[in-house]
1. Considering each residue of the range 258-277, count those that are closer than 18 Å to Glu316 by Cα, open to solvent by 30 Å² or more (accessible area, probe 1.4 Å) and touching a Leu at 6+ places or on another chain (Cβ under 9 Å), and give that number.
2. Quick one: in the range 215-244, of everything that is among the aliphatic types (A, V, I, L, M), assigned to a loop (DSSP other than H, G, I, E, B) and surrounded by fewer than 11 Cβ atoms within 10 Å (Cβ to Cβ), which residue is modelled with the lowest pLDDT?
3. Name every residue in the range 132-172 that is over 16 Å from Ile209 (Cβ atoms), out of contact with any Asp or Glu (no Cβ under 8 Å at 6 or more places or on another chain) and buried (at least 21 other Cβ atoms within 10 Å of the Cβ), in order of residue number.
4. Quick one: is Tyr60 farther than 19 Å from Tyr153 by Cα and out of contact with any strand residue (DSSP E or B) (no Cβ under 9 Å at 6 or more places or on another chain)?
5. Could you check the range 281-292 and list, in sequence order, the residues that are more than 27 Å from the chain's Cα centre (by Cα), open to solvent by less than 60 Å² (accessible area, probe 1.4 Å) and touching a residue at least 24 places away in the same chain (Cβ under 8 Å)?
6. Taking the residues in the range 65-116 that are at pLDDT 85 or above, surrounded by fewer than 19 Cβ atoms within 10 Å (Cβ to Cβ) and among the hydroxyl-bearing types (Ser, Thr, Tyr) as candidates, determine which candidate is nearest to Asn28 (Cα to Cα).
7. Give me the residue from the range 301-317 that is in a strand (DSSP E or B) and farther than 12 Å from Ser267 by Cα and, out of that set, least open to solvent (accessible area, probe 1.4 Å).
8. Taking into account only those residues within the range 44-53 that are more than 12 Å from Lys21 (Cα to Cα) and of a type outside the set (Lys, Arg), which is surrounded by the fewest Cβ atoms within 10 Å (Cβ to Cβ)?
Amino acid sequence: VYVSAVSNPLVLNGSDFGILKAGDGRANRIVGMRKFHNELMVWQEERGVEGGCITLFEGYSPLTFGKLLLSSKIGSMNNNSMCVVDGVMTATKTEETIKTLAFSLSRYGVCAIDGMTVTIISDDIGNYFDPTRPECIRAGYEKEMWLAHDPAYNVIRVGLVSGATATSCNVFPVFDLVTKTWSFDTPAQPLSCVTEIEAGSGQSPVVVIGGGVSDGTVYQLNYGINDVSDAVICSVEMVINYKALVLLISEILVRFKAQQGGTASLSMYENGNHKFTKQLSMIGDQANHTSRRHRFSCNIISDLATITITNEAEGETMEVYEIGVKTAIWEQR
């Protein structure tokens, strides 16, 4: 794990950067990292008989970092198979207490980690991790499986590739963090991953979205029963300011991944006030082009400017490769 210099991302120079060696010395690839309290939890891939590792790094700088090896057997499958949940109810002899726990998906089962120990919590669905059972998860498809927290129902959702012929997630266990019980979900569309995003509108500030298996479509979850037809708005927002000075923005460059069809909408705002909107095609200029470039002039004068690029057409995708903005400090104010 490379720790860059303070306030300098990707800079490995000076006295305040460091290199942290996870695990017990084996060269297992790191598949994911998560913030745990004010520490860093690192998962390594599981290889062969020895498995993987889970490591906790504690400290505030490379000079003070210390390493705690939580497991030298259990690791995780991929970067989509781990999450940290703040506010999990845990039972004691006298009362329920609230803790921060990390959850991850291993070939040995679903794990709960409190920063000191690793506990397998999937005994009730242990048949999916038993290699003697025909429904056991399939080796070699670890990158397809996932685990995520669903805050709407306060549950842990899991996607498993089950059986000897499956190539994508086909079993979806659900762990209730309050009752500590397992059940199964049958989504209208099988999902390949789940994550939380900030809502642009509506009652809930955070919504859960999932990626459909093999269909290249993003779905908003917990929105309705069997709701797989309404388009989800894809949006990129870029905020431009510099030390509260008034800026002059005179030119904008946007580069998209070339699509077979589709249009993105670019809107410009001065301090929240709409200035203009442009429709930008994402179709390549020629059939063999891999990107579509747009460059145009504008006249935006503000101490706070916002560029929003959106696409909400069902069946279309929007992948922004590059956004460039020509700016200067406006000397007349």
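The values are calculated or read from the model by the stated rules, or taken from the named source; none is laboratory data. Values in this document were obtained by computation on a predicted structure and should not be read as measured data. Cβ: placed from backbone, ideal geometry, glycine included. Neighbour counts: every protein chain shown. Ligands, DNA and RNA are stripped out before the accessible areas are found, and what is left, the full protein with its side chains, is counted by its heavy atoms. Shrake-Rupley method; radii C 1.70, N 1.55, O 1.52, S 1.80 Å.
1. The qualifying residues number 1.
2. Our first condition is that a residue be among the aliphatic types (A, V, I, L, M); within the range 215-244, this holds for 218, 221, 225, 228, 231-233, 236, 238-240, 244.
Those left that are additionally assigned to a loop (DSSP other than H, G, I, E, B): 221, 225, 228, 231-233, 244.
Checking which are surrounded by fewer than 11 Cβ atoms within 10 Å (Cβ to Cβ) leaves us with 225, 244.
Numbers: Ile225: 56, Ala244: 86.
Selected residue: Ile225.
3. Ile137, Glu144, Met145, Val158, Leu160, listed by residue number.
4. yes
5. Within the range 281-292, the first condition is being more than 27 Å from the chain's Cα centre (by Cα), and the residues that meet it are 281, 283-289.
Among the residues that remain, those that are also open to solvent by less than 60 Å² (accessible area, probe 1.4 Å) are: 281, 284.
Matches in the range 281-292: Gly284 only.
6. Among them, the one singled out is Ser72.
7. Only one residue tops the list, namely Ser302.
8. Val49
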